[in-house]
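Colleague: Just dropping this structure here.
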Amino acid sequence: MEKEVAELRRVIRDIPNFPKPGIVFKDITPLLGNGELFKQTIDLLADRYRSHGVDMVLGIESRGFIIGAALAYRLGAGFCIVRKPGKLPYETHRTTYELEYGSDALEVHRDALLPQARVLIVDDLIATGGTAAAATALVSKLEGEVVECAFVIELSFLNGREKLKPYPVFSLIQYDSE
Ligand code: AMP
């Protein structure tokens, strides 16, 4: 697994000062653009979760859809989408969360999960953990059970895991500093 993860890490591109000054954006488009490495990413995650009894993968807009949908297909699980406000057509639950400056919100359809569904939350990257924590709140509202929160990339120096406690967190690639 270490060798495969090192190959993924090698193609992730740093974009300094995007989308704002001071942010180093981790660009996964070169990884997605390489069929072998994209497959490797999904297979590594699928290997981990095959025996976890996952009913639903929940993907967070928008790169979480790319990773999450491919993973759901591989696991034979359903796929549930969590989106920014105003995008989902049916009745929704909403949760708001704090950003560095201001706040944001995420929504999910009210019938997206059955009660007690075993849900794997997926996004491309965890930074402060606020986005994924909001997704766990939505799963709670729908009475689902969070199996784990899974990410391709973890910016460990931002301690996002703390915000997700007590839920387990897994990432393929960690960065200990910017
Ligand atoms: P956070 O809520 O702080 O954990 O931020 C996570 C969300 O913001 C994820 O949906 C990421 O795709 C995106 N994000 C935050 N920081 C970065 C970064 N440095 N590079 C790429 N995406 C990021």
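The values are calculated or read from the model by the stated rules, or taken from the named source; none is laboratory data. Source: prediction; values computed, not measured. Note that we place each Cβ from the backbone using ideal geometry, even for glycine, and neighbour counts take in every protein chain shown. Note: areas computed on protein heavy atoms with side chains; ligands, DNA, RNA excluded. Shrake-Rupley method; radii C 1.70, N 1.55, O 1.52, S 1.80 Å.
Colleague: Amide H neighbours of CYS80 under 5 Å, counting only residues 5+ apart in sequence or on other chains, H built in-plane at 1.01 Å?
Modeller: Here VAL57, LEU58, GLY59 satisfy the definition.
Colleague: Okay, moving on. Could you give the Stokes-Einstein D for the chain in µm² per second, using the C-alpha Kirkwood radius, 37 °C, 0.692 mPa s?
Modeller: 199
Colleague: Sort TYR73, TYR97 by accessible area with a 1.4 Å probe, largest first.
Modeller: Solvent-accessible surface, decreasing: TYR73, TYR97.
Colleague: Which whole-Hz ³J(HN,Hα) couplings does the range 162-178 yield from phi under the Karplus relation 6.51 cos²θ - 1.76 cosθ + 1.60, θ = phi - 60°, glycine and proline marked x?
Modeller: Each residue of the range 162-178 in turn: 4, 5, 8, 4, x, 6, x, 10, 9, 9, 7, 10, 10, 10, 8, 8, 5 Hz.
Colleague: Could you tell me which residue out of LEU88, TYR73, SER171 lies farthest along the dipole of the chain toward its positive end? Charges go on the beta carbon: Lys and Arg +1, Asp and Glu -1, centred on the Cα centre.
Modeller: Comparing the listed Cα positions along the dipole, LEU88 ranks first.
Colleague: Related question: Taking θ as phi - 60°, what are the ³J(HN,Hα) couplings along the range 113-127 by the Karplus curve (6.51, -1.76, 1.60), each to the nearest whole Hz, with x for Gly and Pro?
Modeller: Taking θ as phi minus 60°, the curve returns 10, 7, x, 6, 4, 8, 10, 9, 8, 10, 9, 6, 8, 10, 10 Hz for the range 113-127.
Colleague: Can you tell me the order of 36-42, 127-133 when each peptide is scored by its average per-residue count of other Cβ atoms within 10 angstrom, highest first?
Modeller: Per-residue Cβ counts within 10 Å, averaged per peptide and sorted highest first, yield 127-133, 36-42.
Colleague: Here's something else I'd like to know. Mind listing the long-range amide H neighbours of ILE153? Cut-off is under 5 Å, sequence gap 5 or more, other chains count too, H placed in the peptide plane at 1.01 Å from N.
Modeller: Excluding prolines and chain starts, which carry no amide H, the hits are LEU125, ILE126, LEU172, ILE173.
Colleague: Compare the peptides 27-35, 79-87 by average per-residue count of other Cβ atoms within 10 angstrom and give them in order, highest first.
Modeller: Packing proxy ranking, top to bottom: 79-87, 27-35.
Colleague: Taking a probe of 1.4 Å, how large is the accessible area per residue of the chain, in Å²? Walk me through the intermediate numbers first.
Modeller: On the way: 9190 Å² over 178 residues.
Using a 1.4 Å probe on heavy atoms only, each residue of the chain averages 52 Å².
Colleague: Highest first, please rank the peptides 138-145, 4-11 by the mean number of other Cβ atoms sitting within 10 Å of their residues.
Modeller: Top to bottom by mean Cβ count within 10 Å: 138-145, 4-11.
Colleague: Probe radius 1.4 Å, ligands and nucleic acids ignored: give me the carbon and sulfur share of the accessible area of the range 4-58 as a rounded percent. Don't skip to the answer; put the middle values down first.
Modeller: Numbers: 1680 of 3020 Å².
The C+S portion of the solvent-accessible surface of the range 4-58 is 56 percent.
Colleague: If you don't mind, there's one more thing I want to ask. How many angstrom lie between the Cα centre of the range 2-49 and the Cα centre of the range 70-93?
Modeller: Measuring centre to centre over Cα atoms gives 22 Å.
Colleague: Follow-up. For the chain, what is the mean residue ellipticity at 222 nm derived from helices alone (per DSSP H run of n ≥ 4: -39500 (n - 2.57); sum divided by total residues; nearest 500 deg cm²/dmol)?
Modeller: Taking each H run of at least 4 residues, the total per residue is -9500 deg cm²/dmol.
Colleague: Then there is this: At a probe size of 1.4 Å, how large is the accessible area of HIS52, to the nearest 10 Å²?
Modeller: Spelled out: HIS52, probe radius 1.4 Å, area about 60 Å².
Colleague: In the range 62-178, what percent of the accessible surface is made up of carbon and sulfur (1.4 Å probe, ligands and nucleic acids excluded)?
Modeller: On the way: 2720 of 5710 Å².
Summing carbon and sulfur atoms, their accessible area is 48 percent of the total for the range 62-178.
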